[in-house]
Structure formats: structure tokens, C-alpha cells
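Please read the structure below before turning to the comments.
Laboratory data are not the source of any read-out in this text; all were calculated from the coordinates shown. The structure displayed is predicted, hence computed values, not measured ones. Here the Cβ is made from the backbone with ideal geometry for all residues, glycine too, and neighbour counts use every protein chain on show.
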Amino acid sequence: MCNENEAKGRGRGANFSATEKQFVLSLVYKFKKVIENKKTDAVTNEEKQQAWLQITKEFNSSCPDGRRRDIQALKKFYANRKKEIKKIVAEETKERYLTGGGTPKIVTCDDKELVLSLMSDKTVYGLEGMHDSDSIGIVQENCDEDAEVVIEDEEVEPPTKRLKECAPVADWSKVKPTMLTTPTNSALRKANGSFDGSRRRPATIVRALSSSVIAEKYELLVDKRLTIADMEIKKLAQELKWQNEKQNLEREAMMLNIEIKKATLKLK
């Protein structure tokens, strides 16, 4: 008998109408931060379950079509709809990368933007490539319809004039490997600076401080330590004062409690 009831309960329900889809997504949007939370601990799962129970309650009490749905049906619809929108976005991205010209195919859905607003951009589009050119930048510029467009013709210099202004190309046909052993030209020495040929790192020069500088730094250190010591003393005094006040208040509260108990016993 139980198996028959379970089989009947697993029957396929009616399809969601357009009105029901919009209504479910609008209810999910109210609990977006809870439902789309990526945490899976016990507290978060309980919050998600309570959110879905509230969505089911509001859906069954206010649905325009008057059709009742259980929590599993609403969860299943939302999960399937997210998968469908992800597939649509993936196809659109694929269309943008295709070659051959023409505009990419854009699929329009009534609830597409609403579902995208519920999901994270990283979940839908993935991580953005920061170190390569594998991205599509679409820049939209808003122009005024009454704006005047002025196109200026730039004067293009003839290529012969540019070639004349270029630096002369050195002739390397007469260069031989033995010429590398010759001393460096004086012009290159001035340009590159002096080079002693040593690969050792420059030695670190430690200069001794004078006695007056040491005394000044020591006095500054002593002053700072005295300041810190004064602050610690003031802090301890304040803590001791607060401790005494706390003990006095506790003593007064205890005496007051004793008097209350005595008065209660007299009344009895």
C-alpha cells in the first residue's frame, strides 16, 4: 500500500505556465542571498530549507493560476531553469567567438535577465582572463542624435620622405669575430659608463655613529620607554579602580538581596 502511494506521489505534475515561472522567480529573488549561498553547513542548509518553505507557502497562497505546487516541484523548476539559462549563455558566448562574419545569435527569453540576476557572474560566465586576450569587450557609446559629426582628413606623408628621415642602417658585412677582442670605443664607454670587469657585488659600507648621535638616540629611546611605563601604570590604576567599584557593587547587591529575603521571611 505504501509503495502504491509513493508511486502516485511521484507522478509528473502539470507544466509551469509563464505566469507561474515569473511568480516563482520573483519569490526566489526575495530570498536570493539565502538560496544562492555557497555554504553547505547545517545552519545554512536549514536556512535554505526555511526559505523554500516560505516560498512554497507564498506561491500556493498567491499564485494567479490557482495551481498548488509542493516544495520539491519548485526546487526542481528553479534548478532546471538555471541549467537552461547557463546553456543559453554558453551558446551565446560560443557564437561570439565563431568566425565567418555576421552577428551572433542572441536567444531572448522573458525570464533570462531575472535568472541571471539571481546567479553569480562567476557561476554563469566563469573567471575573467586577466593575463590573456581571451575576452570579448563590447563597448557601447551613447551619442546624441542631434550631434554634429566632423570628419577631418589627415595629411599622409609620402613614404620616400619618411625613409629619408630614418637613421642610416649600419653595414655589418665587414664585421668579423676577431673584432670582439678589440677595446671598446671611447664613445661607447661614455654612453655605457665605466665597467671594471669585476662581477663581485659592491661591499656594504658601515659607518660608525658618533657619540653624540648615539647619546641622542639613547635619550629618545629612554623617553619612549618612560612614556610606555607611565601609560601602563595609569592603565593598571584604572583597572584597580574598576575592580574596587565592581566589588563594592557586588557587596551592595548581596546586602540588598539579604534584606529582601529577610523581608520575605517576615511576611510569611
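For the reader, a short list of remarks on this structure follows.
- Under the simplified labelling scheme, the K30-Q50 pair shows an inter-label distance of 1.6 nm, with each label point 7 Å from Cα along Cα→Cβ.
- Using the Cβ-Cβ distance between A237 and E259 with R0 set to 41 Å, the FRET efficiency works out to roughly 0.80.
- Each principal axis of the Cα atoms in segment 215-268 has its own extent, and those three values, largest first, are 79, 6, 5 angstrom.
- Nearest-0.05 FRET efficiency for A42 and K112, computed from C-beta distance (R0 22 Å): 0.05
- Cα-centred dipole magnitude for segment 215-268, charges only on beta-carbon of K, R (+1) and D, E (-1), debye, nearest 20: 600
- Length available on full extension from E58 to K87: 0.36 nm per residue minus the Cα-Cα distance, which gives 7.5 nm.
- Reach of K176 by Cα under 26 Å, taken over lysines that are not fewer than 8 positions away in the same chain: K190
- Among the listed pairs K33/K122; K33/K86; K39/K86; K48/K94, those beyond 23 Å (Cα-Cα): K48/K94
- FRET efficiency estimate (nearest 0.05) - Cβ-Cβ, R96 to Q72, R0 25 angstrom: 0.10
- Values of log10 I(q)/I(0), in the order q = 0.10, 0.13 Å⁻¹, for segment 15-125 under a Debye, Cα-only, solvent-free model: -0.35, -0.56
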